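Any read-out appearing in this document is the output of simple, stated calculations on the displayed coordinates, not a laboratory observation. Because the structure is a prediction, the values reported are computed rather than measured. FYI the Cβ positions are ideal-geometry reconstructions off the backbone, even for glycines, and counts take in every protein chain you see.
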Amino acid sequence: MKQSVQPSMKQKFGVRIMPREVILDTQGRAVEQTLRLEGYPPIGVRVGKYVELELEGPPDEARSTAEKIAQTLLHNPLIETFILETKE
Amino acid sequence: MIGIVRFPGTNCDRDVAQWVHEQGDSYKFLWHLDRVADLSSFDALILPGGFSYGDYLRSGALAARSPVMASVREYAERGGAVLGICNGFQVLVESHLLPGALVRNENLRFIDDWVELETVSERGPWGENLAASPPTLRLPIAHGEGRFYASDSELNRLEERQQVWLRYVDNPNGSRNNIAGVLNEKGNVAGLMPHPERAIFSWMGSQDGRRFFARGGTKSHAGRG
């Protein structure tokens, strides 16, 4: 049996954080107003944030760690939602 | 003795110290890295305003996870009096010691102004003095993210349980139900966006900040609960 060599495993994750629909997104509204001033037709704009995480370890573990970080620190469930994505 | 909690970026700590001193109380500063095993010798803890951790991620979010906050949590759970002012309020909300969230002002502006407040609840270590006449308070605000948000069901719960502490007479930032300050369920943890410590001498424009303290300081509240 071939011995599997374990390279140091690094996994990148992206966390998209958006304000909840029920919350007035003041930044999105301001960008929208500026676009209107620039002559664009009414455009819906919402502004969120994006966080990249780089974690070491087996992919499953890394993903659950990333999930936990996003859940408990990166987003505030009262006012935001998040989507976790695996990169590369 | 009142404990004043400092985070990197706290900038109202000296003002709060002066406020406490003016009421005849002594104070001690606590640093964000201090994991103090026992805070029970303090009559109250105050989290002053500022921009803890540069307001990175969300206002108060990183400060809420600092070592000293574990000590503050234990102190609050034992019934100790805790007050958060402005960014201190944001830290308490992010720590889940107080309900709701504080989001960006509706008009997108950082508001630096005077506001009129009405006291809704007399509960809590700082509430009973405020409820005495006159019925309203005049205090300054200075915040960009002071819009109090809670879901409909949460708001109803807060109103029913008398956890709304202070309301703006004329809502400056879009806070739901005009809320300027809230209490936890037990009433020993309180937070407000206005700055009582900036209203203690007549030359400041108001002395209503003095009304938060009972005559003889907060000592009468020591170890309550």
Average partner chain C-beta neighbours within 10 Å, per residue of B:55-62?
3
Partner chain Cβ atoms within 10 Å, averaged over the residues of B:160-171 - can you pull that number for me?
0
Have a look at B:V68, B:V36, B:V20 and tell me which one the Gaussian network model of chain B (Cα, springs below 10 Å) gives the largest fluctuation.
B:V36
Residues whose modelled amide H sits under 5 Å from the amide H of A:T81, counting only those 5 or more places away in sequence or on another chain, are A:M18, A:R20
In sequence order, calculated HN-Hα J values of region B:160-167 (Karplus, 6.51, -1.76, 1.60; Hz; x Gly/Pro)
4, 8, 6, 9, 7, 9, 10, 10
Ranking of B:M69, B:M193, B:M1 by count of other Cβ atoms within 10 Å, fewest first:
B:M1, B:M69, B:M193
Give me, ordered by chain and number, the residues 5 or more places off B:Y27 or on other chains with an amide H under 5 Å from its own placed amide H.
B:I2
Cross-link partners among aspartates and glutamates for A:K12, C-alpha distance below 14 Å, same-chain residues fewer than 8 apart left out?
A:E52, A:E54, A:E56, A:D60, A:E61, A:E67, A:E85, A:E88
Arrange B:S59, B:S95, B:S202 by Cβ neighbour counts within 10 Å, fewest through most, would you?
B:S202, B:S95, B:S59
Per-residue counts of other Cβ atoms within 10 Å, averaged by peptide: what ranking do you get for B:6-13, B:83-90, B:25-32, highest first?
B:83-90, B:6-13, B:25-32
With θ taken as phi - 60° and the coefficients 6.51, -1.76 and 1.60, list the Karplus ³J(HN,Hα) couplings across region B:35-45 in order, rounded to whole Hz; mark glycine and proline as x.
9, 7, 5, 9, 9, 5, 6, 8, 7, 6, 10
How large are Rg and Dmax for chain B when only the alpha carbon atoms are used, in Å?
15.6, 43
In what sequence do B:Y53, A:Y50 fall when counting other Cβ within 10 Å, fewest first?
A:Y50, B:Y53
Over chain B, what is the percentage of antiparallel beta bridges among all DSSP beta bridges, to the nearest 5?
55
